[in-house]
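The values are calculated or read from the model by the stated rules, or taken from the named source; none is laboratory data. Since the model is a prediction, treat every value here as computed from it, not as a measurement. Note: ideal-geometry Cβ built from the backbone for every residue, glycine included; neighbour counts use all protein chains shown.
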Ligand SMILES: [Fe+2]
């Protein structure tokens, strides 16, 4: 597939500037379909190994079309696909019945999805700009018939591009917002589908096709035969959602939100200062204490933006190597004299304006280290996406820092998936 700037311009015309639903046939080559299908196998396995159960839904339509089956979902997280079996064999062995899986944040669990899907859509993002809350990828797998969510409208602003990997076809039924409201009063998650089908617009697509749908369409999908689809979401948030996202940066960057110490009952509750002291101990740094409220918001707002940009707009960070295979940043020795390469299109962002600390953002993670004038040139070389040798990379900084300190800096980046070791 060569989805270049011109291709996306034609696409934007076809969908009338993202206002109209459309199908474009044969967008993916056979090789891309195979690679993306393999990447989804990989993403699913990594998801199950991670134990991160959020953003993963499993349905058995013959038992209950609308309810997540948590018992079997939990079983998947302990009984993974085996190396010798295909996903379809695994599903047959595990469920033995029709099923649907909706799996969010696939970009977190597969480098191929994070890199290739972003490279496919990069010319479009470069032209229209970044959705303020970024993008994410959701995978649909199964032979579930009607989408388990019933007829629904997606989040406000969340336009979606569906890449269909097959092998089965999928049909989407859509209703214009006003028309659907006249028909049903705007009922969300509506499973009373049949009487409404006459009034629906129908789009059928198969392996290698692309389906685009604006967020305001009421819709439901149907796939009777087993198929996989990967969807790319543009998160154009409401102002309130955007505010939530920015505030979330405050929690992740400045607060020890994993602290599980219990606060005891309080006598003289209103006057008792200990709860306030308890809250203050959760702050990871004193720096923001002396800022005005506006400066504080500006700080977390720019942290949010730079984190998102360093992940090239993906909403979800990749798993760190520590999460993936217990990597320890302190074990940096293995990075000596290695050839490394950064995954495209992810550039590390840095801020060299502080007096004594150097702030840098890698794949959505913000980090800091003691300042040194050679740090920007190291990052610039990694950002070239060329093969670089770590010895050459650290040659200048080694004149000022002990070798271990430079390797430690690289190890921080490596843990956050800022580069791969080639050999
Ligand atoms: Fe939807």
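Per-residue answers, yes or no, for (1) more than 27 Å from residue 176 (Cα to Cα); (2) modelled with pLDDT under 95; (3) within 16 Å of the ligand (Cβ to nearest atom); (4) not assigned by TED's automatic domain parsing to the domain that holds residue 173:
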site	(1), (2), (3), (4)
58	yes, no, no, no
61	no, yes, no, no
86	yes, yes, no, no
96	yes, yes, no, no
122	yes, yes, no, no
139	no, no, yes, no
147	no, yes, yes, no
154	no, yes, yes, no
In this structure, does residue 91 turn out to be surrounded by 18 or more Cβ atoms within 10 Å (Cβ to Cβ), within 26 Å of residue 226 (Cβ to Cβ) and within 16 Å of the ligand (Cβ to nearest atom)?
-> no
Single condition residue 134 does not satisfy, out of (1) more than 16 Å from the ligand (Cβ to nearest atom); (2) farther than 27 Å from residue 313 by Cα | (2)
Residue list for region 218-233, filter: farther than 13 Å from residue 113 by Cβ, crowded, with 23+ Cβ neighbours inside 10 Å and more than 13 Å from the ligand (Cβ to nearest atom) | 223
Index of the failed condition, residue 167 passing every other in (1) surrounded by 18 or more Cβ atoms within 10 Å (Cβ to Cβ); (2) away from the ligand (no atom under 16 Å from the Cβ); (3) closer than 19 Å to residue 23 by Cβ = (1)
Are there any strands (runs of 3 or more DSSP E) wholly within region 318-362 with 1 or more residues that are touching a residue at least 40 places away in the same chain (Cβ under 8 Å), surrounded by fewer than 19 Cβ atoms within 10 Å (Cβ to Cβ) and within 27 Å of the chain's Cα centre (by Cα), and if so which?
-> 339-341, 349-351
List, please: which pairs have Cβ atoms under 6 Å, are six or more places apart or on different chains, and start with a residue in region 215-230 that is farther than 19 Å from residue 137 by Cβ and end with one that is in a strand (DSSP E or B) and near the ligand (Cβ under 9 Å from one of its atoms)?
-> 218/153
Out of (1) buried (at least 17 other Cβ atoms within 10 Å of the Cβ); (2) closer than 21 Å to residue 15 by Cβ; (3) away from the ligand (no atom under 16 Å from the Cβ), the odd one out for residue 128 is which?
-> (1)
Among the candidates 248, 159, residue that is under 24 Å from the mean Cα position of the chain (by Cα) and within 22 Å of residue 364 (Cα to Cα) = 248
